[in-house]
Every structure is written in structure tokens, then in C-alpha cells.
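Since the structure comes first, as C-alpha cells, the remarks are kept for the end.
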Amino acid sequence: MGRCWFVLASVLLASSVVLAQGGGDETAWRDSIVFPEDPFQSWTLPAYVKFTIVMADGYDPNAVHFQDSRRYALHYDFASEWLDPFIGLTIGEFDAVTLHADGQQAVLGAVILPPGWGAVPNEYGIQLTRHEAYSREEIVRYFYQIKGAVVADPNVTAYYFPTYEQYPVAQQNREWLEAQGVPLGSTGQWAEGNTAYAYGWALGTLKFVTGSAI
């Protein structure tokens, strides 16, 4: 019996080493997620699963790295631990090669999931994050790449949820995007009554700041 346990332990250890060398760990990331109840979704409402598409040399630009968004709330936390091109970078260095078009080495974004109340969920959103706007052609390309990595019923609709920086280009090209099968939406379509960005109390002077000045 003791020898059997030793052999089994050796096999498990060897398997874990192979997994680590392969750059993947299903407890940290996968190349696909399941809609609507994937265990990688965050604890927030609405829930999300963040992803990274690595464009650096040696990586498949068609692969999507969905991170465990309960364990890793930020793209940086995940990428700096698991993705070779970004291991050891500071958060500033990581932002420089992911949030700007010039020298960009990865596409960051998230799949946004609807709240769990009401009818069975039949839609979700896809967001892309970058300071400079993606072109309409890039939006279509990445939208379908992400959509193809989400395992969902054929009747489920995927929407493009543009971030603040991406909104002007998306709005200007709304009809063109929708003709390509990329409908625009936002989390507002799931709201029921008034919504708050963050709940709590605070004391101080209320000031209005335009989005571009933040």
C-alpha cells in the first residue's frame, strides 16, 4: 500500500510540473468560460470575468486568457504572475504596454455578466480597455474572438459595452458595427430603478468633474 501511494504521489507531482511548464493552471486561468454560471466570475454586481490576449512574440494572438476574477481582481495581478512577458513588471510598466496603442503587447478587457435576478439570463457584454480608441475593424475582430471563447446557448446575445474611451468611436460607427453583428449596449439595460456606483456615506464638498479631467 505504501509503495502504491508513493507512485501515485510521484505521478501527481510530475503532472503538476508539466502543467506549470506549460504556462497554465486551471485554478488561475482558462481559454474559455461558460455562460452564465462560470466559477471565474467576480463577486461584484454586475459580475465580470477579465481576459488578456497576449500579442507579444511567442504567444498565440488567437488565444484568450480568462483569469479567475475572484482570485485576481486586476489584470496586472494575474498577468504579472502567470503571463511570461509581464512577470516582474511594475504596474506602471504593465500599463505602458497594455493600455496604449503604441507598443501594445496585450489586449485587456472583460466579459460583463447580467445580474442573477429575474428571468434566465440571455445576454452578456464584452468590453475592451485602452486609453486610445480601437478602430471599428479591431472592435469587430476582438468582439468575435471573445464571443467565440464564451460557451453559451445559441440564443444568448453578446453585446459590445464600450468603455468611456471607446464610446465615441463605437457611437459614430453604431450602424456599421450592428451590420457586422456587433450590437452596442451597456449595463444600463439591466438596471432596475436607480443605481449607485458604490454604496456608503461620506462627508465633504461635492464637486463636478468632467470625465476627461479624471
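The values are calculated or read from the model by the stated rules, or taken from the named source; none is laboratory data. On a predicted model such as this, the values are computed, not experimentally measured, just so you know. When we count neighbours, we look across all protein chains shown, and the Cβ atoms used for this are built from the backbone with ideal geometry, even at glycine.
Some notes on this structure:
- Val97 surrounded by 14 or more Cβ atoms within 10 Å (Cβ to Cβ) and out of contact with any Gly (no Cβ under 7 Å at 6 or more places or on another chain): no
- Residues of the stretch 111-143 satisfying the condition of being more than 18 Å from the chain's Cα centre (by Cα) and either surrounded by 15 or more Cβ atoms within 10 Å (Cβ to Cβ) or modelled with pLDDT under 95 (or both): Gly116, Trp117, Gly118, Ala119, Val120, Pro121, Asn122, Arg136
- Residue match in the stretch 187-196 (condition: of a type in the set (S, T, N, Q), modelled with pLDDT under 85, loosely packed, with under 12 Cβ neighbours inside 10 Å and part of a helix (DSSP H, G or I)): no
- Check on Thr27, exposed (fewer than 13 other Cβ atoms within 10 Å of the Cβ), assigned to a loop (DSSP other than H, G, I, E, B) and on the phi < 0 side of the Ramachandran plot: yes
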